[in-house]
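**Q** This is the structure I have questions about; it appears just below.
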Amino acid sequence: MEYDPKLAKKLLESGEILNVKGVAVEQKAVPDGAACCMDPRQLRLELTIQRENADRKGSPPPLSVIREHMGGFNYNLNRKEVYTRYIEVPTSVGTVPVWGYYPRHGRKIRPSLIYVHGGAFFGGTPFTAENPCRLIAEKADAVVWNVDYGLAPEHPYPIPCTQVYEVICWLHDHGSDYGMDSERIAIAGDSAGGNLCAVAAQMDRDKGTYYVKAQVLLYAKLTFTNQELPGYARDESVYEIVDEQRGLLPGMLRIGSDDANKGDADVYIQGKYDLKTPYISPAFGNCEGLPRALFILAEYDGLRLEGEYYARKLQSAGVPIRVLRYCGVCHGFFDALGILPQSEAAACEIASLLNEI
């Protein structure tokens, strides 16, 4: 761990409540920093990332090379013994590897969380999410599943979202074999994984299965098109940052921009479907009857605005929501467990939600 454990505990205290277009957003200040500034640990990480990107000028590297550089190091923060189990789940679009984590001791029948990693639909691995999943399993005394869905362009839409939904169904039906309470299933995902979870929640509702009792959307990608989303405006002027760090803002906000959306769509959708399809851009979907939602957002993230927009849609449809905004951090902060206290605090918030459903 690269910070004082007291910082993560401080982030679990109640934060300032902001009214963002009618949605209550709980703002979690940097526990040892100032307002409108990056967390000093996140600043070091971001400077390194942007310096490496500047060194790679010229033609973009192939996807295989980009994949190798996605994810990163984080820490195992478990204090109790957590077992790992590997299974392969059959779906209509291929077999899906899934890793499960559960405490050695504790209750015999547990709530469960199905986690879906991010990576712009073409990258990322379940191994980056392993330590956060293990920590949630310990903190919640739950079974946590880590899904290795197929990546684009080899596995374009609708393969990944179909796999995630059918993994949920299979685990529901076989939950008793793994100590799961099949009536207490939550799903969670970051970035592209958050998109797949939001889609899976809509599928679960549309197909009448209603297996998902809660969804956790960590800086989820919720639309592939900004201009056509009713009532949505990507206004980058709302991001406040001190002048000496302002030069970092364009790099942090690129995700979710029109250019980035086009690149993501070229890989994942491949020009074959309407981007406004709710199972592609869940922000276009009907939100009535969806399960309760916890939104975990980063202050300096290009996807923050669409997260707040989707929270507003769910709230308008009568869905219980809670929105957390972690200040001073940017997209992908959840991967930095043990490096950023915000990651540990977010894992604890997810564990608390599991014990509420």
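The values are calculated or read from the model by the stated rules, or taken from the named source; none is laboratory data. Owing to the predicted nature of the structure, the values given are computational and were not obtained by experimental measurement. Glycine also receives a Cβ, built like all others from the backbone with ideal geometry; neighbour counts cover every protein chain displayed. All accessible areas refer to the heavy atoms of the entire protein, side chains included, with ligands and DNA or RNA removed. Shrake-Rupley method; radii C 1.70, N 1.55, O 1.52, S 1.80 Å.
**Q** Checking K108 against (1) of a type outside the set (A, V, I, L, M); (2) in contact (Cβ under 8 Å) with a residue 60 or more places away in the chain; (3) in a loop (DSSP other than H, G, I, E, B); (4) within 30 Å of Y268 (Cα to Cα), only one condition comes out false. Which one?
**A** (4)
**Q** Based on what the data block shows, is A200 crowded, with 21+ Cβ neighbours inside 10 Å, touching a strand residue (DSSP E or B) at 6+ places or on another chain (Cβ under 8 Å) and closer than 15 Å to T91 by Cα?
**A** Considered against the rule, which asks whether it is crowded, with 21+ Cβ neighbours inside 10 Å, touching a strand residue (DSSP E or B) at 6+ places or on another chain (Cβ under 8 Å) and closer than 15 Å to T91 by Cα, A200 comes out as yes.
**Q** Of the numbered conditions (1) in contact with a Phe, Trp or Tyr (Cβ under 7 Å, 6 or more places away or on another chain); (2) surrounded by fewer than 19 Cβ atoms within 10 Å (Cβ to Cβ); (3) within 20 Å of G150 (Cα to Cα), I87 fails exactly one; give the number of that condition.
**A** Of everything listed in (1) in contact with a Phe, Trp or Tyr (Cβ under 7 Å, 6 or more places away or on another chain); (2) surrounded by fewer than 19 Cβ atoms within 10 Å (Cβ to Cβ); (3) within 20 Å of G150 (Cα to Cα), I87 misses just condition (1).
**Q** Residues E154, E166: which one is farther than 21 Å from L353 by Cα and assigned to a helix (DSSP H, G or I)?
**A** On inspection, the qualifying residue turns out to be E166.
**Q** If I go through segment 169-191 residue by residue, how many of them are assigned to a strand (DSSP E or B) and among the small types (G, A, S)?
**A** Residues in segment 169-191 being assigned to a strand (DSSP E or B) and among the small types (G, A, S): 4 in total.
**Q** With respect to C133, is the statement that it is in a helix (DSSP H, G or I), closer than 28 Å to A336 by Cβ and without any contact (Cβ under 8 Å) to a residue 40 or more places away in the chain true?
**A** Yes: the conditions hold for C133.
**Q** Give me a count of the residues in segment 151-162 that are closer than 16 Å to Y279 by Cα, in contact with a Gly (Cβ under 8 Å, 6 or more places away or on another chain) and open to solvent by 10 Å² or more (accessible area, probe 1.4 Å).
**A** Qualifying residue count, segment 151-162: 2.
**Q** Right, next: From the residues in segment 4-39 that are open to solvent by 40 Å² or more (accessible area, probe 1.4 Å), among the acidic types (D, E) and part of a loop (DSSP other than H, G, I, E, B), which one is nearest to S316 (Cα to Cα)?
**A** Filtering first and then ranking leaves E13.
**Q** Moving on to the next point. If you scan segment 114-130, which residues turn out to be assigned to a strand (DSSP E or B) and in contact with a Leu (Cβ under 7 Å, 6 or more places away or on another chain)?
**A** Passing the criteria: I114, V116.
**Q** Here's a follow-up. Would you tally the residues in segment 45-81 being closer than 26 Å to E240 by Cβ and surrounded by 13 or more Cβ atoms within 10 Å (Cβ to Cβ)?
**A** 5
**Q** Of all residues in segment 166-205 being in contact with a Lys or Arg (Cβ under 8 Å, 6 or more places away or on another chain) and of a type in the set (S, T, Y), which is nearest to D335 (Cα to Cα)?
**A** Step by step, filter segment 166-205, then rank; the result is S191.
**Q** So which of E46, E16, E68 ends up being more than 22 Å from P126 (Cβ to Cβ), under 23 Å from the mean Cα position of the chain (by Cα), at pLDDT below 95 and acidic (D, E)?
**A** Residue meeting the stated conditions: E46.
**Q** Which members of segment 122-143 meet the condition of being surrounded by 21 or more Cβ atoms within 10 Å (Cβ to Cβ) and among the aromatic types (F, W, Y)?
**A** Residue satisfying the conditions is F122 alone.
**Q** Still on this model: Mind checking which pairs have a first residue in segment 241-267 that is within 18 Å of F122 (Cα to Cα) and open to solvent by 20 Å² or more (accessible area, probe 1.4 Å) and a second that is hydrophobic (A, V, I, L, M, F, W, C) and in a helix (DSSP H, G or I), Cβ under 6 Å, 6 or more apart or different chains?
**A** Partner pairs satisfying both residue conditions: R254/A260.
**Q** OK, next. Return a yes/no flag: does segment 173-186 have any residue that is under 17 Å from the mean Cα position of the chain (by Cα) and either crowded, with 24+ Cβ neighbours inside 10 Å or without any contact (Cβ under 8 Å) to a residue 12 or more places away in the chain (or both).
**A** There is at least one residue in segment 173-186 that is under 17 Å from the mean Cα position of the chain (by Cα) and either crowded, with 24+ Cβ neighbours inside 10 Å or without any contact (Cβ under 8 Å) to a residue 12 or more places away in the chain (or both).
**Q** A follow-up question, please. Please state which of the following conditions W170 fails to meet, knowing it meets all the rest: (1) touching a residue at least 40 places away in the same chain (Cβ under 8 Å); (2) buried (at least 21 other Cβ atoms within 10 Å of the Cβ); (3) of a type outside the set (D, E).
**A** The failed condition is (2).
**Q** Another one. I want to confirm something. Restricting to segment 90-106 and keeping residues that are open to solvent by 50 Å² or more (accessible area, probe 1.4 Å) and not β-branched (V, I, T), which single residue is modelled with the lowest pLDDT?
**A** Per the criteria, the residue is G106.
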